[in-house]
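Derivation of every value follows stated rules applied to the coordinates shown; laboratory data play no part. Bear in mind that the values here come from a model prediction, so they are computed numbers and not experimental data. Ideal geometry is used to build each Cβ from the backbone, glycine not excepted, and the neighbour counts take in all protein chains shown.
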Ligand code: SF4
Ligand code: SF4
C-alpha cells in the first residue's frame, strides 16, 4: 500500500517541530511515507457555503495528485489540513453534482471521485503501525508523565470526518503506548478560539484559560496536540494569562509527535525543543531529556 | 422595547438567501438553546446563536446586520454536532458572514494587523482568519 504524506504550509515553517519529530519517528518505526510532490495549501478551512465551489479546488488538487502518485492514502499531521482535505474528499465522493462541476473546472487533471483515503497520523499509528508494535519500539518510556491529550475541533468535528466516534480515546491510547499516564479532562475537544485570535484576541485568552484550567485540574504535567493554530493559541495566550496573574505557571505544550520521538529514543534534533517555549523546555529538562541548543524563550 | 413582527417586517428574500447559502432550513429551529450551550465563544457573545436563529426565522435582516455573533464565531462546529434538529448551525453562521463579505466588506484589515503578530502567527491562523473574515 502506497502512502503519501501531505505536510501543509505551517509544517515547513512555524510548526517545523511537528514535521521533524513525526518524520524522524516514522523512519525509526520503519514506515515509508513519501511527501506528495507539488502539493499546495489546503485552504485551512472547509468552505461552508453551498454555492462556493472554488475554495474546494485547492484541497481537491492535492487529492488528485495523491491519486496520480498511485497512493491509496494521504496522511496529514496538521489537524486543520486533515479536516479540510477529508471534507473535500467526502464532498467529491458523495455529491455527484458538485463533483462534476469541480472535475469539469479542473479539466487539466484526471477526474476525481474520492479514491484516496485521508488519514491523520494518530489513527495511522493505531491502525497501520499498531500500538503493540509501537510499544515494542519504545526505548525511553515516558513513565511518570501525566499527559492531557487535547483534540481541539478539527479532528473530531463535524461527525463525518471525526477520526473516531464520540468519547473515543485514540489520543489517550497513544499517550499510554508511550508509557505515560493519560489525563482525562472535560475540555479536550473545546475549541481554542481558532482564527478569532486575529479579530478577538482577548476572547481567545479567556477560552484558552478555561482549557488550561480543565487540563491542570485533571492533574496534567503537560498537554499534547496536533494543530499549529491550537499550539499558537495555547502557548501564546498562556503567556498573557500568566502576565494577568490568572495562572500561576504555564502548562507545557508539545506536539504529540515530539513525545513520540522522545519515547523512541531519538535526539533533540528530532524532537526539536528549540521550537518550544521556556516552560516546555524546562519540563523536558526536569525529566532529564536532552534539550540540545534550545534557547529559552519566554 | 416593542418589536413589530408582521408580514410587512419579515424579509422573505433574506430568509431564502440564508437557506440557500447555508443549505439548511432555518425554520426547523425550535429554540432549545443547545447551540449556545455548546458554543465555546458564547460567554463572550452578546447575542447567542439561538437568538440569531430566531431573528433569521423572522427575516430580521437589519437586526442581524447589527449583531456581532457571526464575527465572534470560530467555526468550531460544536453547535452543529449538538443541535437536536440536525441544523448545521456553523453553516448558518457562515451564511450570515457571507452576506456582508460578499458586499466587498472586510471584517479585519490584513494590512492593519500588528506587525509582530503577523510575523509570529502560524500560516494556518492567517489563512483561516482571512478566509473567514475578509471578502
Ligand atoms: S440547537 Fe438547533 S434547534 Fe436548538 S436553538 Fe440551536 S439551532 Fe435551534
Ligand atoms: S461554530 Fe460558531 S456559533 Fe457554533 S459553537 Fe462554534 S463558535 Fe459557537
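Quick notes
- Region B:7-118: C-alpha gyration tensor shape, a/c 1.5 cut-off, then a/b vs b/c: oblate
- Taking 0.36 nm per residue of sequence separation and removing the Cα-Cα distance, the residue A:181/residue A:69 pair yields an extension gain of 36.4 nm.
- Other protein chain Cβ atoms within 10 Å, averaged over every residue that makes up B:63-75: 3
- Neighbour counts of C-beta atoms inside 10 Å place A:285, A:38 in the sequence A:38, A:285, starting with the fewest.
- DSSP bridge pairs, the protein assembly as shown: antiparallel proportion in percent, nearest 5: 0
- Nearest 10 degrees, 0 to 90: helix A:79-94 Cα axis against chain A principal axis: 20
- Alpha carbon centroid spacing (whole Å) that separates region B:103-135 from region A:172-240: 23
- Dividing the summed helix terms, -39500 (n - 2.57) for each DSSP H run of n ≥ 4, by the number of residues in chain A produces a 222 nm estimate of -12500 deg cm²/dmol to the nearest 500.
- Take the Cβ atoms of residue B:65 and residue A:285, set R0 to 45 Å, and the FRET efficiency comes out at 0.25.
- Over the protein assembly as shown, the hull volume per residue, using the convex hull of the C-alpha atoms, is 148 Å³.
- Cα shape, region A:139-286, gyration tensor, a/c 1.5 rule: oblate
- Point-to-point label distance, residue A:94-residue B:82, nm (Cα→Cβ direction, 7 Å offset): 2.3
- Normalised contact order of chain A, rounded percent, pairs of Cα under 8 Å and 6 or more residues apart: 18
- Burial ranking of peptide ranges A:226-237, A:132-143, B:104-115, A:48-59 (average Cβ count within 10 Å, highest at the top): A:226-237, A:48-59, A:132-143, B:104-115
- Normalised by residue count, region A:1-108 yields a Cα convex hull volume of 100 Å³ per residue.
- Counting only other chain Cβ atoms within 10 Å of each residue's Cβ, the peptide B:88-95 averages 3.
- Highest mobility in the GNM of chain A, judged by mean-square fluctuation with C-alpha springs under 10 Å and restricted to A:279, A:199, A:149, is found for A:199.
- Gaussian network model of chain A, Cα within-10 Å springs - most flexible of A:259, A:242, A:121: A:242
- Between the beta carbons of residue A:105 and residue A:246, assuming R0 = 56 Å, the FRET efficiency works out to 0.70 to the nearest 0.05.
- Among the residues of A:51-62, the average count of other protein chain beta-carbon atoms within 10 Å of the residue beta-carbon is 1.
- Counting neighbouring Cβ atoms within 10 Å and putting the fewest first, the residues B:63, A:272 line up as B:63, A:272.
- Just checking the listed ones, A:174, A:254, A:105: in the Gaussian network model of chain A with Cα springs under 10 Å, the one fluctuating most is A:105.
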